[in-house]
Amino acid sequence: MDEKKPTRFDELAEAAGRYGDASLDNYALIRSLAEAIASGFCRYLGDKKKCVYLVPPTGAWAAQSFGSGAFSVSGKGFLPLSPISFGLAVRVSHTGDWIRLVITAAKQGPDLDVSVEGGQDFAFRLPFDDEQLQAFFAVLYARLTDWFNDQADHFENGAYGGRSIGFEFTHDERTKDA
């Protein structure tokens, strides 16, 4: 009985399939972390209202859930095997003000390296757990409070209004506290 020898195309299709499986695993891993961050950070802050949403990392956004549209690979067709960014909209006032943090995640061996734009990097040991999430929430909280306090300090000392890129703000009256 003759066994059919694989063609070059068969080998190419097998390699592309392996890549596709890895890219799907990468997306699923990063999306599960993003959803854990979005659902847990508001509880960490102690807010009773919805105060965190997954939003696109670039372009227009509003204080609402964007689902798969919150990830940098959304709409790319063939899912790339690369670091993935997502936006985290966080309510920062009782009057409906929101900011967007941009977070990028990439698998590096047994870790998922996470970078907060303009802030500290963080490595989640896989599989990530609640203890690691709580430590990351402390990093996010420090990034936000430090930024606001630094800006106010600069104003009080007469050195504000520079050209550095900070956060993107939005205001949504629907999220104003009663």
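The values are calculated or read from the model by the stated rules, or taken from the named source; none is laboratory data. Please read all numbers here as calculations on a predicted model, not as lab measurements. Heads up: the accessible areas ignore ligands, DNA and RNA and are worked out on the full protein's heavy atoms, side chains in. Shrake-Rupley method; radii C 1.70, N 1.55, O 1.52, S 1.80 Å.
Worth a mention:
- Kirkwood-based Rg to Rh ratio, the range 1-72, C-alpha trace: 1.31
- Mean separation of Cα contacts under 8 Å, 6 or more apart, over the residue count of the chain: relative contact order %: 17
- When the solvent-accessible area of the chain is split by element, carbon and sulfur atoms take up 53 percent of it, the probe being 1.4 Å.
- Extension gain from Glu11 to Asn149, taking 0.36 nm per residue of separation minus the Cα-Cα distance: 44.0 nm
- Relative contact order computed over the range 29-120 (Cα-Cα under 8 Å; 6+ residues apart), in percent: 21
- Inter-centroid distance (Cα atoms) of the range 57-99 relative to the range 23-41, Å: 12
- Rg in Å to one decimal, and Dmax rounded to a whole Å, for the range 31-89 via C-alpha atoms: 12.2, 39
- Per residue accessible area of the chain, 1.4 Å probe, in Å²: 62
- Accessible surface ranking for Phe86, Phe9, Phe66, 1.4 angstrom probe, highest first: Phe9, Phe66, Phe86.
- Over every Cα atom in the chain, the radius of gyration and the widest Cα-Cα span, Dmax, amount to 20.2, 86 Å.
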